[in-house]
Number of protein chains: 2
Amino acid sequence: MKTLPSILITNDDSIHAPGLRALIEAATGIGELFVVAPENPQSGMGHAITVTAPLRFHPIFSDNAHQEVAVSGTPVDCVKLGEKIIMRKRPDLLLSGINHGSNASINVMYSGTMAATLEGCMSGIPSVGFSLCDYSHDANFEYAIPYVRDIIQKVLKHGLPDGVCLNVNIPAVKGEELKGYKVCRQGLGSWKEEFDERKDPRQRDYFWITGRFNGYEMDEDTDNWALANNYISVVPVKFDLTAHQAMDHIKKMTNDVE
Amino acid sequence: MKTLPSILITNDDSIHAPGLRALIEAATGIGELFVVAPENPQSGMGHAITVTAPLRFHPIFSDNAHQEVAVSGTPVDCVKLGEKIIMRKRPDLLLSGINHGSNASINVMYSGTMAATLEGCMSGIPSVGFSLCDYSHDANFEYAIPYVRDIIQKVLKHGLPDGVCLNVNIPAVKGEELKGYKVCRQGLGSWKEEFDERKDPRQRDYFWITGRFNGYEMDEDTDNWALANNYISVVPVKFDLTAHQAMDHIKKMTNDVE
């Protein structure tokens, strides 16, 4: 009998999120599932790890090929704890998501979903992060599930290059057809922050971060373009942040003697 | 009279950290300083932003060319709030640090210091993160200050390419000589996590993340090598995480029809 691949599953919207349930549904039957997810929502946590407090976890569910554990920490904590304490072995695959909301363009930098994916990648695990471009809690994940399942099977079959993981974003189509995959690069974008300034009952100022995202780079090889045109964007992502193209400028600068 | 450049300064060890004081000392006289730093230590916060609670800040210090504000949030919150609410203009330069501890190699991914730097970069501000490879609170920053000041002046003179910031790490030399700058790439490394497993008084398990870092890639063009050989490592860093070299593999994979 062939052993099923072991799959570590996490997210950043918490173990109670519908997007996580959709990801579990997509992976069911493909492997032995270890769901290790935050007990509370962790949106915007980026690559945070918990170093000033201890971590705790508690089992939620368990049967033959599927167990679930809720963790008191961040998505990256879940990956570390999942691999080292809960599974006590390196998983064959790491899946993160399905996030409620886009992680395309520069959102990869803020995303707990993609931080967990990059953490798996740094640990040598083939890793894929999935996001649906719909922030609502009751987003419709149904039409995404067959594509997610297809990508899981393809990554298990083909593997991923060393040091590379995937950032998969699925457009929020309303009745239109998905056009399939588009392998693309991270397009430029920016958040226009509009802090919501308020006064508390003691007349002291406080501020909510809010804002509107603008994925303004729309070249046909960007994820911004793919999503605007009803393609599923697939961006190969790496954790080597070196800007090789800037080496000469910086060398010239540091050698400048006044 | 020439206007001084405006400089936004932040860090992740909090507004009370000696490393921040060293950075302020290095920048004094060069520009108008806006110090906007977390009121509490934020180590390991990565690129986290605060979206589930409001932000508050309070002034700490102010004179003609130097004001300081403590913020209830993360380093990235400090950059957003600093630019949009406290300065109400785009600064000419962003400085982050001096961090107590190395942010070389893959530590750039976990680092609040470098997250603030990348946030500045995404906002179009020339941005530099500084770290001293000594985690102790009473680390000696004295010998680092002239180099930090020199880099600040060089970046103001030469600028930085669009979408590129700097990750500057200063080795912890004990009596030896610093050999100057080495412009280099992010070397490979890994954390060997060794969770510290304990039981609370009610006999329930809890876990502290601990571990030992190993910057194992030691080619002469890496930051690992530079620091081990008493050079200040200067890595040009970008927020485009696209793994361009993996495009062909991923295109082949997604086109695979069973």
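The values are calculated or read from the model by the stated rules, or taken from the named source; none is laboratory data. Only a predicted model underlies this, so the values are computations on that prediction, with no experimental measurement involved. No Cβ is skipped: glycine too gets one built from the backbone with ideal geometry, and neighbour counts run over all protein chains shown.
Looking only at the stretch A:175-193, filter to residues that are among the charged types (D, E, K, R) and assigned to a loop (DSSP other than H, G, I, E, B); which one of those is nearest to the other protein chains (Cβ to nearest Cβ)?
Keep residues of the stretch A:175-193 that are among the charged types (D, E, K, R), which gives A:176-177, A:179, A:182, A:185, A:192-193.
From what's left, assigned to a loop (DSSP other than H, G, I, E, B): A:176-177, A:179.
Details: A:176: 20, A:177: 17, A:179: 13 Å.
Among those residues, the one meeting the criterion is A:179.
Within the stretch B:168-210, count every residue that is within 19 Å of the chain's Cα centre (by Cα) and within 30 Å of residue A:54 (Cβ to Cβ). So that I can check it myself, show each step before the final result.
Initial filter on the stretch B:168-210 (within 19 Å of the chain's Cα centre (by Cα)): B:168-172, B:181-191.
Within this subset, residues satisfying the condition of being within 30 Å of residue A:54 (Cβ to Cβ) are B:169, B:172, B:188-191.
Number of matching residues: 6.
Return yes when residue A:207 is within 11 Å of chain B (Cβ to nearest Cβ), buried (at least 22 other Cβ atoms within 10 Å of the Cβ) and either acidic (Asp, Glu) or free of Cβ contacts under 8 Å to residues at least 60 places away in the same chain (or both) and no when it is not. The answer is yes for residue A:207. Cβ-Cβ distances below 6 Å connect the following pairs, each with a first residue in the stretch B:148-173 that is facing chain A (nearest Cβ under 9 Å), a second residue that is in a helix (DSSP H, G or I) and not small (Gly, Ala, Ser), and a separation of six or more residues or different chains: B:154/A:253; B:158/A:253; B:161/A:249; B:165/B:117; B:165/B:121; B:167/B:108; B:167/B:114.
Which residues, taken from the stretch B:28-54, are away from chain A (no Cβ under 12 Å) and not charged (D, E, K, R)?
Keep residues of the stretch B:28-54 that are away from chain A (no Cβ under 12 Å), which gives B:28-39.
Matches in the stretch B:28-54: B:28, B:29, B:30, B:31, B:33, B:34, B:35, B:36, B:37, B:38.
Filtering the stretch B:22-51 to residues that are within 20 Å of residue A:53 (Cα to Cα) and not hydrophobic (A, V, I, L, M, F, W, C) leaves B:38, B:39, B:40, B:41, B:42, B:43, B:44, B:46, B:47, B:50. Total residues in the stretch A:25-53 satisfying the condition of being part of a loop (DSSP other than H, G, I, E, B), modelled with pLDDT of 95 or more and β-branched (Val, Ile, Thr): the figure is 2.
Starting from residues that are at the interface with another protein chain (Cβ under 7 Å from one of its Cβ atoms) and either touching a helix residue (DSSP H, G or I) at 6+ places or on another chain (Cβ under 8 Å) or assigned to a helix (DSSP H, G or I) (or both), keep the ones in the stretch A:212-243 and report whichever is farthest from residue A:115 (Cα to Cα).
Step one: of the stretch A:212-243, the residues at the interface with another protein chain (Cβ under 7 Å from one of its Cβ atoms) are A:234-243.
With the extra rule that they be either touching a helix residue (DSSP H, G or I) at 6+ places or on another chain (Cβ under 8 Å) or assigned to a helix (DSSP H, G or I) (or both), the set shrinks to A:234-239, A:241.
Working: A:234: 16, A:235: 14, A:236: 14, A:237: 11, A:238: 11, A:239: 10, A:241: 14 Å.
Per the stated criteria, the residue is A:234.
Scanning the stretch B:91-120 for residues that are more than 8 Å from the chain's Cα centre (by Cα) and farther than 22 Å from residue A:75 by Cα yields B:91, B:92, B:93, B:94, B:95, B:100, B:101, B:102, B:104, B:120. Say we look at the stretch A:195-204 and pick out the residues that are surrounded by fewer than 16 Cβ atoms within 10 Å (Cβ to Cβ) and within 8 Å of another protein chain (Cβ to nearest Cβ); which of these is farthest from residue B:80 (Cα to Cα)? Residue satisfying both the conditions and the ranking: A:204.
Please find, within the stretch B:54-75, the residue that is farthest from residue B:6 (Cα to Cα) out of those that are in a strand (DSSP E or B) and of a type in the set (Gly, Ala, Ser). Can you show your working first?
Of the residues in the stretch B:54-75, the ones in a strand (DSSP E or B) are B:55, B:57-63, B:66-71.
Pick out the ones that are also of a type in the set (Gly, Ala, Ser) and you get B:62, B:70.
Values: B:62: 15, B:70: 18 Å.
Here the answer is B:70.
Which one is surrounded by the most Cβ atoms within 10 Å (Cβ to Cβ) among residues in the stretch B:103-147 that are away from every other protein chain (no Cβ under 11 Å), under 22 Å from residue B:6 (Cβ atoms) and of a type in the set (Ser, Thr, Tyr)? Per the stated criteria, the residue is B:113.
Could you tell me which residue of the stretch A:55-79 is nearest to the other protein chains (Cβ to nearest Cβ), considering only residues that are surrounded by fewer than 16 Cβ atoms within 10 Å (Cβ to Cβ) and not acidic (Asp, Glu)? Break it down into steps so the answer makes sense when it comes.
Start the filter on the stretch A:55-79 by keeping residues that are surrounded by fewer than 16 Cβ atoms within 10 Å (Cβ to Cβ), which leaves A:58-65.
Then keep just the ones that are not acidic (Asp, Glu); that gives A:58-62, A:64-65.
Details: A:58: 9, A:59: 12, A:60: 16, A:61: 19, A:62: 17, A:64: 24, A:65: 23 Å.
This residue is A:58.
Could you grab me the full set of residues in the stretch B:197-211 that are in a loop (DSSP other than H, G, I, E, B), more than 28 Å from residue B:171 (Cα to Cα) and not acidic (Asp, Glu)? Scanning the stretch B:197-211 gives B:201, B:202, B:203, B:204.
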